[in-house]
Amino acid sequence: MDIKELSIIVKWCGNEYTLKDLTDQDTVAMLKHEIMKQTQVRPERQKLLNLKHKNKFPTDDLRLGVFDLKPNFKLMMVGSLETDIEEASKRPDELSEVLNDLEQDEDDVPMENREVYLSKINKRIRDYQIEELNPGRPGKKLLVLDIDYTLFDHRSTAETGEELMRPYLHEFLTDAYEHYDIVIWSATSMKWIVEKMKRLGVSTNPNYKIWFYLDSNAMITVHCQKRGIVDVKPLGVIWGKYSQYSSKNTIMFDDIRRNFLMNPKSGLRIKPFAHAHLNRDKDKELLKLKKYLRKIAENCDDFNELNHRKWESYHPKKRDEAE
């Protein structure tokens, strides 16, 4: 399938917003999602005035390719901001624990193999600039970590970042650093990632080093039947830039499982860390995961053989048994 990248300029409230992350295979719903990321106007509040198909306003499931849009097409939008937009962007209190790791669409193609999303990953590989904080180390495996609710309770209030830090964080990172290059990937802006890592003392700890940070701009937007339109963290962005890494030697921790949709076998859903003032003295998740990381690094040559959902019961085979 030949996929065409689109560039669309949205005009709203006297301002122009350029959308460059769409293809002709994306839907109107995906377009509205990208508009929301730029303007904060929610999809149900958007009215796209000059986007019509057969003289009618299009349905959300219509693909953008039918409009034959010219480069830098100017799209007129009207819509009002929601007063509760911040509330809408919060992490849901309850998230489904059920995920079909090979979720299929009408073409029966697994999410991670769909060409439209692979083309978005290739665009990130091509355009997203990574600033290495420290050099990568040959022979190491790769650990990719989320921040909010994984390493840090970002909703509670406290006087210092240390009060909101997940217990045993520095001990965990120090131990992991022996076997893994460490990357931080958060669905926020780079400015906030840098600030949070500074507040937690991660960026200045002498016992380990972070390879680089990835922010929300490295993520891609996908559409799936069960969850609708969501932003996810495709590890292929890293693998495309650094060929020494692949699903064989990479593991990602995140408290939201949907972030693994493009890499279902590489993600481990960590128990969310929230209400730090109540849980600070009893949360031992990082201590347990520290042991798991060490075990798989020392005993598993191919992480594709692992089932990270059963990490707590993992027992490595002895080398002679495996052979």
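Just one of the numbered conditions (1) open to solvent by less than 20 Å² (accessible area, probe 1.4 Å); (2) under 14 Å from residue 130 (Cβ atoms) is not true of residue 239: (1).
Scanning segment 53-79 for residues that are in a loop (DSSP other than H, G, I, E, B), closer than 18 Å to residue 12 by Cα and modelled with pLDDT of 90 or more yields a single hit, 72. Please work out if residue 100 is open to solvent by less than 80 Å² (accessible area, probe 1.4 Å), out of contact with any helix residue (DSSP H, G or I) (no Cβ under 6 Å at 6 or more places or on another chain) and at pLDDT 90 or above. For residue 100, the condition - open to solvent by less than 80 Å² (accessible area, probe 1.4 Å), out of contact with any helix residue (DSSP H, G or I) (no Cβ under 6 Å at 6 or more places or on another chain) and at pLDDT 90 or above - is not met.
Here residue 239 fulfils each of the conditions (1) assigned to a helix (DSSP H, G or I); (2) in contact (Cβ under 8 Å) with a residue 12 or more places away in the chain; (3) not aliphatic (A, V, I, L, M) apart from (2). In a residue-by-residue description of segment 280-287, the property of being at pLDDT 95 or above, over 18 Å from residue 145 (Cβ atoms) and more than 17 Å from the chain's Cα centre (by Cα) applies to no position. Among the residues making up segment 34-49, a single one is crowded, with 19+ Cβ neighbours inside 10 Å and closer than 18 Å to residue 124 by Cα: 34.
Contact map, segment 200-224: residues that are over 30 Å from residue 26 (Cα atoms) paired with residues that are small (Gly, Ala, Ser) and open to solvent by less than 10 Å² (accessible area, probe 1.4 Å), Cβ distance under 6 Å, separation 6+ or inter-chain. Pairs shown: 200/161. I'd like to know if segment 249-258 contains one or more residues that are of a type in the set (Val, Ile, Thr), in contact with a Ser or Thr (Cβ under 7 Å, 6 or more places away or on another chain), open to solvent by 40 Å² or more (accessible area, probe 1.4 Å) and assigned to a strand (DSSP E or B). So far as segment 249-258 goes, no, none of its residues is of a type in the set (Val, Ile, Thr), in contact with a Ser or Thr (Cβ under 7 Å, 6 or more places away or on another chain), open to solvent by 40 Å² or more (accessible area, probe 1.4 Å) and assigned to a strand (DSSP E or B). There is at least one residue in segment 233-241 that is more than 18 Å from residue 173 (Cα to Cα) and among the β-branched types (Val, Ile, Thr).
If only residues of segment 110-139 that are out of contact with any Leu (no Cβ under 6 Å at 6 or more places or on another chain) and among the hydrophobic types (A, V, I, L, M, F, W, C) are counted, the one that is modelled with the lowest pLDDT is 116. When segment 292-308 is filtered for residues that are of a type outside the set (A, V, I, L, M, F, W, C) and either surrounded by 14 or more Cβ atoms within 10 Å (Cβ to Cβ) or outside any helix (DSSP H, G or I) (or both), the ones remaining, listed by number, are 292, 294, 295, 299, 301, 302, 307, 308.
The values are calculated or read from the model by the stated rules, or taken from the named source; none is laboratory data. Keep in mind that what you see is a predicted model, and the values were worked out from it rather than measured. For neighbour counting, all protein chains shown are included, and Cβ atoms are generated from backbone atoms with ideal geometry for every residue, glycine included. Surface areas here come from the heavy atoms of the whole protein model, side chains and all, with no ligands, DNA or RNA. Shrake-Rupley method; radii C 1.70, N 1.55, O 1.52, S 1.80 Å.
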